[in-house]
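Structure provided below as structure tokens; questions to follow.
The values are calculated or read from the model by the stated rules, or taken from the named source; none is laboratory data. Note that this is a predicted model, so its numbers are computed, not measured. As a convention, Cβ positions derive from the backbone with ideal geometry for all residues, glycine included, and neighbour counts pool all protein chains shown.
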Amino acid sequence: MFAPSDRDATLARVLDLLEADERIEAAVITGSLGAGRADRWSDFDVASLVTDAELCERVAADWVGLIYRQWEVGHHYETEFGSTLVRGFLLVNGLVVDLAFAPSSNCEVWAPVRVAFDRTGTATRAAEAWQPWSPTPDWRGEAGFAWHDVLHACVAANRGKPWQALYFLERVRNRTLALASERHGLEADEFKHVDELPAEERDPMLASLVTDLERAPLMVGIEVAARAFLDELRRGDPALADRLAGPLLLFVHGSQEGGADVVG
């Protein structure tokens, strides 16, 4: 298991190698290290600006080989977000090294970062221009997905498909907690701030955490999740919550009694 000193030494070496690569215009440390809130469990993320957009693929490929030569790597993944290429590495000591490569012409900063080096000032200007933002809850959009998930959870439970029912139940619960996060101005991705929500809003969801996949406890969990979603929806769009409550709970209760005529 890596120690913080291992992480810091690896980060320093990565930054030295990036600065030695003349195709890299700038590098910024993102994530918890970039925001100054790292702890013992933090890995590290580095975003690099490539001088020429046409070089990004080549640079990313070269860096995959370089990381494998410099460290013992268990595995790596490759993905992309628009013009940004991401390569994530799991070192054998458990440290995750996430590297992103983007054209300098597309430099954008969405969160606090620490500039490691900057040959042109592009990254520094973007970092200084960053402003905090608050997400906007999509009450109506999430409501449409939520009632759909509630109905499918009920249907699956009544068809003897408990794992599928659990899947849809979890989706309802997750939508509720994500909306609550956004309502408080917190980022909802990966539940980064769910533990910071007021207990009176978050903890009623505990009753939806079923430990038995028999039909009866599943149906109880589904109703708890449905009511919790309606409670959250009522905080943002009370009229829509009132309209949905009748048909949604009618279906849930009918499913509990085995009297709902469910179709797939």
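Please go through the range 119-139 and give me each residue that is of a type in the set (A, V, I, L, M, F, W, C) and either surrounded by 18 or more Cβ atoms within 10 Å (Cβ to Cβ) or within 17 Å of the chain's Cα centre (by Cα) (or both), ordered by number.
Within the range 119-139, Ala123, Ala126, Ala127, Trp133, Trp139 meet the criteria.
For the range 11-41, enumerate the residues that are touching a Pro at 6+ places or on another chain (Cβ under 9 Å) and buried (at least 16 other Cβ atoms within 10 Å of the Cβ).
Thr30, Gly34, Ala38, listed by residue number.
In the range 152-161, how many are buried (at least 18 other Cβ atoms within 10 Å of the Cβ) and either of a type in the set (Val, Ile, Thr) or more than 25 Å from the chain's Cα centre (by Cα) (or both)?
5
Residue-wise test of (1) modelled with pLDDT under 95; (2) of a type outside the set (A, V, I, L, M, F, W, C); (3) in contact with a Phe, Trp or Tyr (Cβ under 9 Å, 6 or more places away or on another chain).
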residue: Glu80; (1), (2), (3): no, yes, no
residue: Phe89; (1), (2), (3): no, no, yes
residue: Leu95; (1), (2), (3): no, no, yes
residue: Ser104; (1), (2), (3): yes, yes, no
residue: Trp139; (1), (2), (3): no, no, no
residue: Tyr167; (1), (2), (3): no, yes, no
residue: Leu177; (1), (2), (3): no, no, yes
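Here is a further query. Out of all the residues in the range 104-118, is one or more surrounded by 17 or more Cβ atoms within 10 Å (Cβ to Cβ) and out of contact with any helix residue (DSSP H, G or I) (no Cβ under 6 Å at 6 or more places or on another chain)?
Checking the range 104-118: not a single residue is surrounded by 17 or more Cβ atoms within 10 Å (Cβ to Cβ) and out of contact with any helix residue (DSSP H, G or I) (no Cβ under 6 Å at 6 or more places or on another chain).
Here is a further query. With respect to Ala239, is the statement that it is of a type in the set (Gly, Ala, Ser), within 30 Å of Ala111 (Cα to Cα) and at pLDDT 95 or above true?
no
Restricting the search to the range 28-65, which residues are β-branched (Val, Ile, Thr) and within 12 Å of Pro103 (Cβ to Cβ)?
Val50, Thr51, Val59
Name every residue in the range 118-145 that is farther than 30 Å from Pro238 by Cβ and either assigned to a helix (DSSP H, G or I) or touching a residue at least 24 places away in the same chain (Cβ under 8 Å) (or both), in order of residue number. Please lay out each step first, then the result.
Quick first cut of the range 118-145, residues farther than 30 Å from Pro238 by Cβ only: 118-131.
Hits for the range 118-145 are Asp118, Arg119, Thr120, Thr122, Ala123, Thr124, Arg125, Ala126, Ala127, Glu128, Ala129.
Of the numbered conditions (1) touching a helix residue (DSSP H, G or I) at 6+ places or on another chain (Cβ under 6 Å); (2) farther than 27 Å from Glu128 by Cα, Glu72 fails exactly one; give the number of that condition.
Tallying (1) touching a helix residue (DSSP H, G or I) at 6+ places or on another chain (Cβ under 6 Å); (2) farther than 27 Å from Glu128 by Cα, Glu72 fails exactly one: (1).
Is one or more of the residues making up the range 151-164 among the small types (Gly, Ala, Ser), more than 30 Å from Leu55 (Cβ to Cβ) and not assigned by TED's automatic domain parsing to the domain that holds Ala225?
no
Just to be sure, is Glu72 of a type in the set (Asp, Glu), farther than 16 Å from Leu18 by Cα and touching a residue at least 12 places away in the same chain (Cβ under 8 Å)?
Yes; evaluated as a whole, the condition is true for this residue.
Now for a different question. Specify which of the listed residues (Ser48, Ser32, Ser42, Ser5) is in contact with a strand residue (DSSP E or B) (Cβ under 8 Å, 6 or more places away or on another chain) and hydroxyl-bearing (Ser, Thr, Tyr).
Ser48 is the lone residue from the list that is in contact with a strand residue (DSSP E or B) (Cβ under 8 Å, 6 or more places away or on another chain) and hydroxyl-bearing (Ser, Thr, Tyr).
Moving on to the next point. Go through (1) touching a residue at least 24 places away in the same chain (Cβ under 8 Å); (2) aliphatic (A, V, I, L, M); (3) surrounded by 14 or more Cβ atoms within 10 Å (Cβ to Cβ) for Leu90 and report which single condition fails.
Result: Leu90 passes all but (1).
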